[in-house]
Each structure stands twice: as C-alpha cells, then as structure tokens.
Amino acid sequence: MRIQFLFLAMLLFAGCATTTTSNIAGTNRSQLLIASASDVNRLSLGYFAQQNNDARSKHRLITSGPEFNRVNAVMHRLIPQTAAFRKDAVDWPWELVLIDAPDVNAHVMAGGKVTVYTGLIRQLKLNDDEIAVVMGHEMAHALREHTREKMSEQQLANVAVSLGGAAMGASQSTMQLAGLAQQLALELPFSRTMESEADVYGLELTARAGYNPQAALGLWDKMSAQGGAGTPQFLSTHPAPQNRKTELAALMPRVMPLYQAANRH
Ligand SMILES: [Zn+2]
C-alpha cells in the first residue's frame, strides 16, 4: 500500500503546473495536469467533429455568411492577444462554428474549438463588445486548459479506484466505469474557480484586443434578465459565483488602460 501512495504522490508532484503566465490581477493558480494534452485534444476534437456532423445533418451548422463572419472576426482579433498569456496559443488551430438553435449558449473544446449558438447572439442582441466578452471567456477556458484539468482530476480519481480496486479485487466493470467517467468529464461543467478564471483572463483578452471590457457588466445583466423561462443555458453550464459582477467591476480599473492603449494606435 505504501508504494501505491508514493505513486499517487509522484503523480501529483509531476502533475502540478500552470498553463499560462499570470493575468492582470496577478493571479496564476497551480493546476493538476496529469492527463496528457494530446489525449485531451484528441477526445475534444472527436467530440467537436461529432457535434458538427450532427448539426450539419440537421442543416444547422453555420460556417459562412454574415453572422458567422461577424463572430469569427471578433475571434480573430482576440487570437493575437493570447500571446499575453502563452506564446504557443497564437498558432493553435482556433476554429469557430455557429449552431442555428435558440439555445443561449456557447462552449469551447480543448485546443480552441469554439461553438456559439445563434440564440445567444440573436436573443440577447449582442453587440461586438459583448461578443468579444463571450469569446474572451470561452478562449480563456482553452488557454487555461480547464478541460485537461477536469480530466486530470477524473484520472486521479481513476488511479485511486484502480489502486484501491486492485487491492480489493474489484471487478473489471468497476474499472470500465472509471474509464467511462473520464470520457464524461468532457461534458461536465467547469468549476466555479475555473469560471472566475475564465472571466478574469477573458476580460483582459477582450481589453487587449481593443473591445470595451465594460460590456461584460451589461452582458451578465442581459443574461439574467433573459431568464424568464428559466435560467439561460449559458448560466447553467457556466456555474458562476454569485459575486461575478462585483468581481468583474473590481477588475475595470486594471483592464480599462489596456483597452484605451489598444485603441490609441
Ligand atoms: Zn465558462
């Protein structure tokens, strides 16, 4: 048993790192990253392809036209600014798809594959600054490799199940369940900590690209107000701290100079 604990300790030691340089608020949380980036990207790409095939078969996949071009232009203004957090991200195969559906939602896969539902843009009548806030938030999840972190947490739980299971002679199906759980980690919502982080890094990205970060405050109001028929999906798949708006407002004095500098030249 002692060797097994040593193994766990080594995994934790080797796996704790951080994916980005610190943000304007000066924070840079250490992350558990034992899942390999290539495994995570492969699973994410598979999921993205499957989603797109499904949407395409229903004639709901939008990859051209004025609405797509508008959102894509915002993303392409944000991409060069990712270098502020990590140099490699500028060359990632970033990709956007729109799905024609009333869902007020957006999500991102590892490696920078962003999906935006037309309901988000149309129902909330987003302006370009607000689109930039959403894109910045989603891109920040990818930059921080939150999916990889989620899977790493699952993998660590699996190692514990396997080690414990092997010791107790668990059946193979228990082990298979553990493997399945890792696949499902892809679909689990991000933690509140990750959401706060995506807000902070995303807001800085938005400002650096010359979009008005103040738009974030109105955007979350719009989201909450839209919840007549229940919580907008974006808010339910993005568990946010209650004080999200307070946190964002507190960041304004730091991000506004970046926005002003970006628009001076
Ligand atoms: Zn989020």
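The values are calculated or read from the model by the stated rules, or taken from the named source; none is laboratory data. Source: prediction; values computed, not measured. Backbone-built Cβ (ideal geometry, glycine too); neighbour counts: all protein chains shown.
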**Report entry** Selection status of residue 189, at pLDDT 95 or above and either within 16 Å of the ligand (Cβ to nearest atom) or part of a helix (DSSP H, G or I) (or both)
**Finding:** no
**Report entry** Answer residue from region 15-67, given it is among the β-branched types (Val, Ile, Thr) and not in a loop (DSSP other than H, G, I, E, B) and is modelled with the highest pLDDT among those
**Finding:** 62
Query - Residues (more than 9 Å from the ligand (Cβ to nearest atom) and of a type in the set (A, V, I, L, M)) located in region 194-209 - result: 200, 203, 205, 207, 209
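Residues are listed down the side, and each one gets a yes or a no for (1) over 27 Å from residue 261 (Cα atoms); (2) within 16 Å of the ligand (Cβ to nearest atom); (3) part of a loop (DSSP other than H, G, I, E, B); (4) aliphatic (A, V, I, L, M):
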site	(1), (2), (3), (4)
81	no, no, no, no
98	yes, no, no, yes
115	yes, yes, no, no
125	yes, no, yes, no
130	no, yes, no, no
133	no, yes, no, yes
Query - Some residue of region 112-134 being in contact (Cβ under 8 Å) with a residue 24 or more places away in the chain, within 22 Å of residue 195 (Cα to Cα) and in contact with a His (Cβ under 8 Å, 6 or more places away or on another chain) - result: yes
